[in-house]
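To keep things clear, I will list the structure first and then write my remarks on it.
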Amino acid sequence: MKKIVILTGPTATGKTELSIELAKRINGEIISADSMMVYKYMDIGTAKPSIEERQKIKHYLIDVVYPNEKFSAKDFIELADRAIEKITEKGKVPIVVGGTWLYIDTLLYGISDAPEGDWELREKLYRIDTEKLYRELLKVDPEYAEKIHPNDKKRIIRALEVFLKTGKPFSFFQKEHSFKEKRYEFVGFCLTRDREEIMDRIENRVNKMIETGLIEETKRLIDMGYENSITSMQAIGYKELIPYIKGLISLDEAVKQIVKNTKSFAKRQIRKFRKKDELISINLSYYKNEEALSKIIEKVEKEVQV
């Protein structure tokens, strides 16, 4: 089986820019593994590659559903499998790029035996205070609760949903899943930077998003009726701006909250990716993009049919 290339890492490390250049060099096409880039109309806040960048290199799994539509790991694996097939039929290299490890893990090792999402149950749980939900998770699945942030409502709800539907903790299904065989052979890279540099880049990126129209983009989504979409509008950058748009907080407060939440998210990603021994770590604080590309291409050419 032909190997695929994985390029992942924490937010704001520079995956998009480097992946596009990599695709040019190794005759590749890109499959996005980002849980928020799948949504239409959400461009600035999700840091999507520009239209111009997507015209240069074909991208898959961007803008595939509307913000009020459901999109699961199962949907991802089905579309990603099709994309990999299309790319390899062209004689090109599939490059999976993104920071949503759940999607990458699903693609590589398959879907766990945990039940599929129950959107009606999720909507009920979303109405409950996050702190109360987390306390409940600590009771029923302390092992998983300790792995996630107490404010990570999306993952807290998923774990409670699984427990309520099966009577078994989510951590039970995760352990079972870890013994599954690989669906694809791959060579994987984790792009990272020194923590302080990532935090600085996050602040700069958030400010740039505001300057380039994130407030207007959020207003459009509200006007289109997507304000209460339980997954898409929980994305960092949008959920913090809604109170500002409604006149409940100042813009300065909203921006500070976006920066704070993005940094917390990045710290969780950093901790998670440190444990992924199957990935080759490349710290871009110590390599220029050209040097990093050379290292990646050298490894890819040894292991992948390019």
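The values are calculated or read from the model by the stated rules, or taken from the named source; none is laboratory data. Note that this is a predicted model, so its numbers are computed, not measured. Neighbour counts are summed over all protein chains in view; Cβ atoms, including those assigned to glycine, are modelled from backbone coordinates with ideal geometry.
The one condition from (1) at pLDDT below 95; (2) small (Gly, Ala, Ser); (3) crowded, with 18+ Cβ neighbours inside 10 Å that SER264 does not meet is (3).
Among the criteria (1) assigned by TED's automatic domain parsing to the domain that holds VAL65; (2) closer than 28 Å to VAL97 by Cα; (3) free of Cβ contacts under 8 Å to residues at least 40 places away in the same chain; (4) buried (at least 19 other Cβ atoms within 10 Å of the Cβ), the one ALA254 does not fulfil is (2).
Each residue in region 278-305 was checked for being of a type in the set (S, T, N, Q) and over 24 Å from the mean Cα position of the chain (by Cα), and 2 pass.
Here is the figure for region 251-297: residues that are farther than 18 Å from LYS15 by Cα and touching a Pro at 6+ places or on another chain (Cβ under 6 Å) total 0.
The set of residues from region 1-44 being among the charged types (D, E, K, R), farther than 18 Å from GLY188 by Cβ and part of a loop (DSSP other than H, G, I, E, B) comprises LYS40, ASP43. Within region 94-148, being more than 30 Å from GLY28 (Cα to Cα), among the aliphatic types (A, V, I, L, M) and in contact (Cβ under 8 Å) with a residue 40 or more places away in the chain holds for ALA114, LEU121, ILE148. Against the test of being at pLDDT below 95, over 22 Å from the mean Cα position of the chain (by Cα) and hydroxyl-bearing (Ser, Thr, Tyr), the options THR166, THR130, THR231 yield a single qualifying residue, THR166. So which residues in region 211-237 are part of a helix (DSSP H, G or I), surrounded by 14 or more Cβ atoms within 10 Å (Cβ to Cβ) and either among the β-branched types (Val, Ile, Thr) or free of Cβ contacts under 8 Å to residues at least 60 places away in the same chain (or both)? Result: ILE215, THR218, LYS219, ILE222.
Any residue that is small (Gly, Ala, Ser) and in contact (Cβ under 8 Å) with a residue 24 or more places away in the chain - is there at least one of those in region 238-251? No.
Picking from residues in region 54-78 that are of a type in the set (Lys, Arg) and not in a helix (DSSP H, G or I), the one that is nearest to the chain's Cα centre (by Cα) is LYS70. Inspect all residues belonging to region 296-303 and state whether any of them is out of contact with any Ser or Thr (no Cβ under 9 Å at 6 or more places or on another chain), farther than 22 Å from THR46 by Cβ and surrounded by 19 or more Cβ atoms within 10 Å (Cβ to Cβ). For region 296-303, residues out of contact with any Ser or Thr (no Cβ under 9 Å at 6 or more places or on another chain), farther than 22 Å from THR46 by Cβ and surrounded by 19 or more Cβ atoms within 10 Å (Cβ to Cβ): present.
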